[in-house]
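This report refers to the structure that appears directly beneath it.
The values are calculated or read from the model by the stated rules, or taken from the named source; none is laboratory data. For clarity, every value in this text was computed on a predicted model and none was experimentally measured. Backbone-built Cβ (ideal geometry, glycine too); neighbour counts: all protein chains shown.
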Amino acid sequence: MKILWNPWRYEYIKQFSSKTTKTAEECLLCKLQKMPEDYALIVHKGQCAFVVLNAYPYNTGHLMIAPYLHVADITELDESTVLEIMSLLKKCIRVLRATFNPDGFNIGANIGRAAGAGIPDHFHLHVVPRWVGDSNFMVVIANTKPLPMGLREAYEAIRKQWLDEAE
């Protein structure tokens, strides 16, 4: 069995209390919705959902798509919200391809704390661009994940491409 070891994520996860549920007032994704887009790294706000650059990325350009509604599971969303999330997913992939030219993508949702969700009470999708050879010894040996671009620079590049691309 191979193990994916991701030590930098522990710094993010350990900030959460042992409390298993968070109200909308306590939820990071709910708080981000109310912040200025540029400050919160929000790439796009739609009718039912928004796209935000992950502040603790697995790779450069790691985006998250979240509904405005504070629900833990996709089954709690209405069909129009699910449809918008899927439409935003398609645009995320197009924009990330045009911006960074990745070799592939990891797309997924961790539903529940047991599944690895860092924000288990607010459903969201991860869109992670991947490149051949993007994982190396630095993660294991030096407890460091090298990213070739800073968050602000990545946000500005993604946001520009998002706005430039026709709906």
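A single entry from K34, K45 fulfils the requirement of being among the charged types (D, E, K, R) and under 17 Å from Q161 (Cβ atoms): K45.
Is it fair to say Y68 is surrounded by 13 or more Cβ atoms within 10 Å (Cβ to Cβ), in contact with a Lys or Arg (Cβ under 9 Å, 6 or more places away or on another chain), modelled with pLDDT under 95 and not β-branched (V, I, T)? Taking the combined requirement at face value, the residue does not satisfy it.
Considered as a group, the residues in the range 1-60 that are at pLDDT 60 or above, in contact with a helix residue (DSSP H, G or I) (Cβ under 7 Å, 6 or more places away or on another chain) and of a type in the set (S, T, Y) include one that is nearest to A72 (Cα to Cα), and that residue is Y56. Does the range 93-116 contain at least one residue that is within 18 Å of Y68 (Cβ to Cβ), in contact with a strand residue (DSSP E or B) (Cβ under 6 Å, 6 or more places away or on another chain) and touching a residue at least 40 places away in the same chain (Cβ under 8 Å)? Looking for residues that are within 18 Å of Y68 (Cβ to Cβ), in contact with a strand residue (DSSP E or B) (Cβ under 6 Å, 6 or more places away or on another chain) and touching a residue at least 40 places away in the same chain (Cβ under 8 Å), one finds none in the range 93-116, hence no.
Any idea which residue in the range 115-155 is modelled with the lowest pLDDT, counting only those that are part of a helix (DSSP H, G or I) and surrounded by 15 or more Cβ atoms within 10 Å (Cβ to Cβ)? It comes out as V139.
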